[in-house]
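The values are calculated or read from the model by the stated rules, or taken from the named source; none is laboratory data. Predicted model, so just to flag it, every value in this text is computed and none were measured. Positions of Cβ are backbone-derived with ideal geometry, glycine not excepted, and every protein chain shown enters the neighbour counts. For the accessible areas, the whole protein counts, side chains as well, though only heavy atoms, and no ligand, DNA or RNA atoms are used. Shrake-Rupley method; radii C 1.70, N 1.55, O 1.52, S 1.80 Å.
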Amino acid sequence: MGKKNIIIITACIIFIVFSGILYLQPGGSKSTSFTRNTGEDMLQHEETAINENGQETEESNKTDNTNKTDVIAVYICGAVKHPGVYSLLNGQRICDAVKSAGGFKKSADRSAINLAKVLADGEQVVVLSKKQVLRNNKNNNSQPQKEGRLVNINTASKEELMSLPGIGESKADAVMDYRLSCSFKSIDDIKNVTGIKDGVFNQIKDQITV
């Protein structure tokens, strides 16, 4: 090999070695820095995405929970066109439930129900008919209240005695005749009156006094 060729080969080797040294010096490689920065950026993007997704999920859950609490179930029956269980919004009133059930039947007594009442979850609304209201009123009027004034069988008038169940005019007269000769010492003494036996006594015992 000639001297000239040896010089050329040596120069090439020195150039390659020198280029490698420069490449490996700090700051000489931009690819490593680029890769590191790119990784950090990816992590930041992932964290941002997780936070955004988490926030969206939390907001979605809040919306779902709000929707659940805002809806109530109400059972409406009686004199409405389509009785059943209906889903209504929290804060709605009986008038809304009636509307959901198709409205009143012709037989409904609209004055017997408070249409402005706010509904509660699980509530039952019964719409009475006019006949039902009339029958209830008759029953209430025909049955003396236990908390009201008791009839004193020693001093009651004929009309007051006749207001008791099972006591007609003849029995009322018999009670008045009995107490002319002796007064009633206890309510059980009324069974001494002609025509008043255990059956009648059981009907009136909670409504009389002495």
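Measure off, as a whole percent, the carbon and sulfur share of the 1.4 Å-probe accessible area of segment 90-200, all protein chains present.
Working: 3480 of 7210 Å².
Here carbon and sulfur together make up 48 percent of the probe-accessible area.
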Using amide H atoms built in the peptide plane, which far-off residues or other-chain residues are under 5 Å from Gly78 H to H? Val127
Relative to the compact-globule estimate 2.2 N^0.38 Å (N residues), the Cα gyration radius of segment 149-197 stands at a ratio of 0.99
Distance between modelled label sites at Ile9 and Thr194, nm, 7 Å Cα→Cβ extension: 15.9
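For segment 76-187, which semi-axes, largest first and in whole Å, follow from the square roots of 5 times the eigenvalues of its Cα gyration tensor?
On the way: eigenvalues 484, 43, 16 Å².
One finds semi-axes of 49, 15, 9 Å for segment 76-187.
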Accessible surface, per residue, of segment 156-195 when the full set of protein chains is kept, probe 1.4 Å, Å²: 55
